[in-house]
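**Q** My questions will all concern the structure given below.
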Amino acid sequence: MINEFLFFEDSNTKEEKMNYLNLKIQIRELIKNDFDRNVLTEVLLDLRKDLSGQSQTVLIDLYKDLGLHNDAYEKLSSRKWQVVSSGILELTTMEVDESYGLIIKFINHRQSTIRKQAEIAVVNLKEEGIKYFLDNTKYKIAEWQQLKLLDVLRHKPNFNAPQFGLWLTATNTHVVLFSLRLIKYYNQNEAEQSIITLLKHKNRDIQAEAIECIKDFHFVSALPTLKLVYPKASHDIKIAILDAIGEVGSENEVSFLEFLKSTERHFNIKGKVNSTLNKINPESVLPTKNISTAEFYESEIEIEETLSTNNEIKKEVELSITEPVLDITMELNNEPELSEENIELESVAINSLPNEETEGEIVNETSTDKIEDEVELDIEVASDSVEQLDIDLTFLTHVNDKNEQANNDVEVVEDEEVKKVELAELVEELENELTFNFLPFVIEEVAYKEEISAFVEEDFEPLFVLDDGFIDEQEEVASLTLGERTTNEFEDIDWSTVTAEAITDNYCEPSSIDEPLVSFESDGISFSANFMPQEELDAMVILENIAELGDCRELDVLQNIADKNSSALVKERANELIQKFLYQSPRPTELFSADNNLSESVFTEIYNLADEETKLMLLSEIKSVGDEKEIHLLESVIKTESKFLAKAATEALENIKSQLSLVTEFIPKEIDNDSIFDVDFEIELSESIKRNIASNNSGSTLFDQLCSMSNSLYKKKNG
Amino acid sequence: MGKRVLLADDDQLLASLLNFRLKKGGYSVHHSVNGKEVKEYLKNEMPDIIVSDIMMPYFSGIELIDFVRNELKSKTPIIIISSAGNEQNVLTAFELGANDFITKPVSPTELLVRIAREINK
């Protein structure tokens, strides 16, 4: 039915026209039903998307002709936003221009879907719709919405775009932004000053879009503003400005860019500055990062050149060596059999050479022995030079030049003798140069040694210096003690250097040297510490024993040894030990010894260092916890301290004494502390305890068992 | 009997409209709604021209071209209907051997002209 309507043509036959009219009546009857009307509307809307051209126009006309747009109008007055939105969409799709006046009121609707649908409808339905929209919209225009609106405008047939620069002054920043994009799209470059002014806009998107416009329209007049805006711009805007300067700018901007290059710290911006500089002035900025220095490559090139030069020389020398030998050998072999043809060829070759050389050649050729000798000599020299050519010869620049010259000469001149002569000269020069240039290595080595020796002598001093006299003395003592007693093994030693004068008292008296230090016996060697007097030796033994086992109690002994002994060694050792034991704390065992003053009272040291208040506190503590050790301290306090302290000390002393008297009443005079079992009393359990034990079945608990065990042990011990 | 047209499109509404228009234009139209049907039909009968949508269930328009050109070894003209913005598929279709293309929204009259042109070549 719809197809009949869509493809109805005026050229159709009468029957077809009658059929068309009948279908129209049927449809009108059908659309009286809401459901059918809705289905038809949906079908037409669907077909509208797939059809174009004449069919589309017919479809839209059918839609309007059937009055389906009235349903869409009703939808606009719905309270449901989705119904309103679908009504706007329907009217927009079916291009119902009459609905424009109804839809524009939704352009600032608070519901975003209705608002966006209305925006598209307004722009779509009438050409002035975009103007109305840009003038009146108060809301944000989303990026996607901007794209959709632009798409609508693009596909709008015969659309005459207004001057979008007019909206660059709009209060809605989104309108300004959208206008800038429309200006760029429609290439409307009339609003140059407005766009340049927008470079100073606070909105970054507008700034960026304005820069894009400037770049696209090539606004040279924007350069000062771009430079002005640059310092306070964000990173993205800075990069965009630099991009625009690169597009629009000239060499006048190089100084500005150079300034930026030196001041900018941001990696991306700095890179953009460099690229902009290169864009304006190509190749003005060259890569600098990760570029090796020229010396790096120069050294490589030098090495390569040297190697190649050496190889060339080597080849030339080899050629010049081998060729003559072969030729001459051939000549020597063939000389008796020289044909006329060969002679003629040679004569031609000779004639081509200068006269002087030719004469030399003739002379040389006549004497084959001489040639052989010379060739051998040249080979030897040349082979030597070849061996040496493996060394870097870059320093032989003039020689290289000569080599090249010589090589050229060798190539040009065919005469072998000339080659030999030049080669000999070359080799001689090479030898000279090599000899000369190798010499510094030797000199450097010598200088190096001298430097080291000077360095050591001047700058270094030994950490300690052995006294020669002391060493001599030690040697002499050793020789004296050893010399006379040795067996045949020591007889070969030269004792002539030993002198009695060199021996000092500190080490050994000559008269006291009676026994050998080392005696060789049948079963081995026995050592005798007889290198010092017996008295001194004894003293040293005592001192070493004290050092090992003694403590501060040996101070008197040590002092006595130091005083009595005349030996400096003994005195020194004794003094060392005295110093050591003076700072040594007593041993734990001594704290409890009866004669040790440190065992008197633990309060003594604290008391001496304390103030009066602390002393009172200490005395109070002594009173409560003190024992006989504190008696001496308390007595001294009573004698020396103030009355107040003396009173407290007296109280403490009386308390301690009373406690001690109580203890002494119960403690026997002689107690063997070694045995805990030797007590002179027996533990008697009270009757109540006995009953308790009996009732508890005697040892039911661990404590009871322990008690019974101790009692049994006690009884066993006492029989 | 007019020239046989195979119309392959899963959009039945548009297909019926085009079917109507082509029949009115004097063509014998066979409509298939998916690739399977198209394949079965082509095994039995080869139309004078094929009009196919690119996007179809089971068997796309691109595959259809490949099937006709490489498997059936047929040189039957093929017109592709594609959506706007689907240029890459159109290029692929031409590479495989499509003869023409038309974008949606379709103008039935335009399609009729293109079909006639391809058949009369």
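The values are calculated or read from the model by the stated rules, or taken from the named source; none is laboratory data. Everything quoted here is computed from the prediction, not taken from an experiment. Quick reminder, even Gly has a Cβ in these numbers, built from the backbone with ideal geometry, and neighbours come from all protein chains shown. Surface areas here come from the heavy atoms of the whole protein model, side chains and all, with no ligands, DNA or RNA. Shrake-Rupley method; radii C 1.70, N 1.55, O 1.52, S 1.80 Å.
**Q** At q = 0.16 Å⁻¹, what is the log10 ratio I(q)/I(0) for the range A:1-146, with the Debye formula run over Cα points and no solvent?
**A** -0.87
**Q** Any idea of A:K657's accessible area? Nearest 10 Å², probe 1.4 Å.
**A** 100 Å²
**Q** Moving on. Would you please name the GluC sites (Glu not before Pro) within the range B:25-121 that are DSSP coil residues with at most 10 other C-beta atoms within 10 Å of their C-beta?
**A** B:E45
**Q** Also: Can you list the HN-Hα couplings for the range A:559-565, worked out from phi with the Karplus curve (6.51, -1.76, 1.60; θ = phi - 60°), rounded to whole Hz and with x for Gly and Pro?
**A** 3J(HN,Hα) across the range A:559-565, in whole Hz: 4, 4, 4, 5, 6, 6, 7.
**Q** Sticking with this one: At a probe radius of 1.4 Å, what is the per-residue accessible area of A:V625, in Å² to the nearest 10?
**A** 90 Å²
**Q** Roughly speaking, what is the centre-to-centre gap between the range A:74-121 and the range B:60-121 when only Cα atoms are used, to the nearest Å?
**A** If we compute the Cα centre of each part, the gap is 39 Å.
**Q** Cα-based Rg of the range B:4-119 per 2.2 N^0.38 Å, rounded to two decimals?
**A** 0.93
**Q** Taking 25 Å as the cut-off for C-alpha to C-alpha distance, list the pairs among A:K32/A:K105; A:K105/A:K156; B:K36/B:K75; A:K140/A:K184 that go past it.
**A** Over 25 Å apart, Cα to Cα: A:K32/A:K105.
**Q** Starting at the first residue of the range A:213-226, write each ³J(HN,Hα) from the Karplus equation 6.51 cos²θ - 1.76 cosθ + 1.60 with θ = phi - 60°, in whole Hz, x for Gly and Pro.
**A** 4, 4, 5, 5, 8, 6, 7, 5, 5, 7, 4, x, 5, 4
**Q** Run the simple label-point estimate for A:V285 and A:E576 please: 7 Å along Cα→C-beta, distance reported in nm.
**A** Simple spin-label model gives 7.7 nm for this pair.
**Q** Then there is this: Name the residues of the range A:33-65 whose accessible area falls by at least 30 Å² when all protein chains are present instead of the chain alone, probe 1.4 Å?
**A** A:L47, A:D50, A:L51, A:S52
**Q** Collect residues whose amide H, placed 1.01 Å from N in the peptide plane, falls under 5 Å from the amide H of B:F59; neighbours closer than 5 in sequence don't count.
**A** For B:F59, whose amide H was placed from the backbone, the distant partners under 5 Å are B:G35, B:K36.
**Q** Starting at the first residue of the range A:534-551, write each ³J(HN,Hα) from the Karplus equation 6.51 cos²θ - 1.76 cosθ + 1.60 with θ = phi - 60°, in whole Hz, x for Gly and Pro.
**A** Listing the rounded values in order: 4, 4, 5, 4, 4, 4, 5, 5, 4, 4, 5, 5, 4, 4, 7, 10, x, 8 Hz.
**Q** Taking amide H positions as placed in the peptide plane 1.01 Å from N, state which residues far from B:V51 in sequence (5 or more) or on other chains have amide H under 5 Å from it.
**A** B:L6, B:L7, B:A8, B:I79
**Q** What per residue convex hull volume, in Å³, do the alpha-carbon atoms of the range A:33-100 yield?
**A** Dividing the Cα hull volume of the range A:33-100 by its residue count gives 83 Å³.
**Q** Scan around B:S82 for amide H atoms under 5 Å from its own, H built in the peptide plane at 1.01 Å from N, and keep only partners 5 or more places away or cross-chain.
**A** Close amide H contacts, sequence-distant or interchain: B:I102, B:T103, B:K104.
**Q** Roughly what would the spin-label model give for A:L609 and B:T109, points 7 Å off Cα along C-beta, in nm?
**A** If labels sit at A:L609 and B:T109, their model points lie 12.0 nm apart.
**Q** Next question, about the same structure. Looking only at Cα atoms, what is the convex hull volume of the range A:161-285 per residue, in Å³?
**A** 91 Å³
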